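Just so it is clear, none of the values below were taken in a lab; they were calculated from the coordinates. Only a predicted model underlies this, so the values are computations on that prediction, with no experimental measurement involved. Here Cβ is always computed from backbone atoms with ideal geometry, including for glycine, and neighbour counts include all displayed protein chains.
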Amino acid sequence: MNTEVITQSQRFPLSGYLKLTKPSIIYLLVLTSATAMFLADGFSGNLMKVVFGLFGIGLIASSSAVINQILDVEVDSKMARTKNRPIVIGEISVTNAKIFSAALLIVGAIMLIVFINLLTLLLTLFTWAFYSFLYTKILKFAGTQNIVIGGIAGAMPPLLGWTAITNSIDALPLLMVLIIFIWTPPHFWALSINRKEDYVAAKIPMMPVVKGTEYTKIQIALYSVLLAVSSLFPFATGYLGGFYFFSAVILNIIFIGFSIALIFDKNNKLALPLFLYSIVFLTILFICMALDKLIPIQL
């Protein structure tokens, strides 16, 4: 019996397939999509739309994550951070990964076209194609602004969540997209400082590799200020209230403080904590957007 279980596990390494979807990234995509859905109607409409919308968006995003690892297998093999990914170590074959990615894409697309709407499907497919192919094969190697431009794909989920509920495009989800778009460069630049040697080995022109670590630190600080300004737009435009305002101010003070401290950190020991905090920052910021509707504070 034990032999059979081991054999079946080796034939279908569930954990390996899960890793292919990059769950640590997908959770943020789903969270930001769900936040936009909640802001659209407070989940007061058809809850099945919320469920199928999130699953459809999540599955298609997972498909693009798999394609990214299929196309990046050679690059991943040269980086300590990615050298143990399932395709690199042979846990999952390229053929099986392609089948898996196709299945995720098809199921996700069916969910969106049957239960949601065409607009959301088209926007999600654009995001899928942009990240899977344009970013992975071209933009990533195009220069130091690779993350800035490539951030478009990762910033789209709030708009997808909003259109899934409303079948329309409005200013609030676009402001949410802007926040993630500006958040992305300092988030990844902090990681690239921490993993600079990885990017050197893989010949990826991340900013610390091309422009140097000190220059990148200044860019992170500048973007952290820009992020603070953009984070206040939903309040300044009247979409969100006092609870969100105070939460955003506190979160951004910490972010800016981290960024400035990193400039004076000669050993770059704060790069990884800043990267990790940036994930906490975005998570809490979007949760506070939803809580703002439940905890009204007038200013």
Cα pair count fraction exceeding 19 Å, expressed as % - the stretch 170-299: 49 percent
Most mobile listed residue (Ala80, Ala97, Ala221) in the chain, GNM with C-alpha springs under 10 Å: Ala80
Diffusion coefficient, µm² s⁻¹, Stokes-Einstein with Kirkwood Rh over alpha-carbon pairs of the stretch 57-183 at 20 °C and 1.002 mPa s: 138 µm²/s
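Which whole DSSP H helices in the chain pass both tests: a Cα extent of 15 Å or more along the axis and a mean Kyte-Doolittle value no lower than 1.6? Write out the running numbers ahead of the final one.
Values: long enough: 23-41 (27 Å, 1.53); 47-71 (36 Å, 1.70); 94-115 (31 Å, 2.15); 118-129 (16 Å, 2.03); 171-194 (36 Å, 1.56); 213-231 (26 Å, 0.79); 242-263 (32 Å, 2.24); 271-294 (35 Å, 2.04).
Counting only whole DSSP H runs, the qualifying helices are 47-71, 94-115, 118-129, 242-263, 271-294.
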Unit charges at the beta carbon, dipole of the chain: most positive-side option, Pro234, Ala248, Phe281: Phe281
Label point 7 Å beyond Cα of Ile253 along Cβ direction - residues of the stretch 204-247 with amide nitrogen under 16 Å: 225, 228-229, 232, 243-247
Equivalent ellipsoid dimensions for the stretch 43-84 as semi-axes, Å, which come from the Cα gyration tensor, largest first: 35, 9, 5
Dipole of the stretch 14-124, positive direction: furthest Cα of Phe43, Gly56, Ser15, with charges on the beta-carbon: Ser15
Furthest towards positive pole of dipole, Leu29, Phe115, Ala97, structure part the stretch 14-124, Cβ charges: Ala97
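What fraction, in whole percent, of alpha-carbon pairs in the stretch 14-124 exceed 26 Å separation?
On the way: 1574 of 6105 pairs.
The calculated P(r) of the stretch 14-124 puts 26 percent of pairs beyond 26 Å.
Taking the Cβ of Lys137 as the center, what net charge do the other residues with Cβ under 13 Å away carry, scoring Lys and Arg +1 and Asp and Glu -1?
On the way: positive: Lys140; negative: Asp72, Glu74.
Here the charged neighbours net out to -1.
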Proximal charge balance of Arg195 [Cβ under 13 Å; K/R count +1, D/E count -1]: +1
Spread of Cα-to-Cα distances over 10 Å intervals beginning at zero, given as percent, for the stretch 91-161: 18, 40, 33, 9, 0
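Taking the square root of 5 times each eigenvalue of the Cα gyration tensor, what semi-axes in Å does the equivalent ellipsoid of the chain have, largest first? Show your work: numbers first, answer last.
Values: eigenvalues 186, 158, 53 Å².
Value: 31, 28, 16 Å, ordered largest first.
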Computed E for Asn84/Ala201 - FRET, C-beta separation, R0 22 angstrom, nearest 0.05: 0.90
Rounded to the nearest 20 debye, dipole of the chain from Cβ charges on Lys, Arg, Asp, Glu: 580 debye
Taking only Cα atoms of the stretch 147-203, radius of gyration then Dmax in Å: 14.8, 46
Around Gly150: net Lys/Arg minus Asp/Glu count, Cβ-Cβ under 14 Å: +1
Evaluated over the stretch 135-180, the Cα radius of gyration and Dmax, each in Å: 12.8, 37
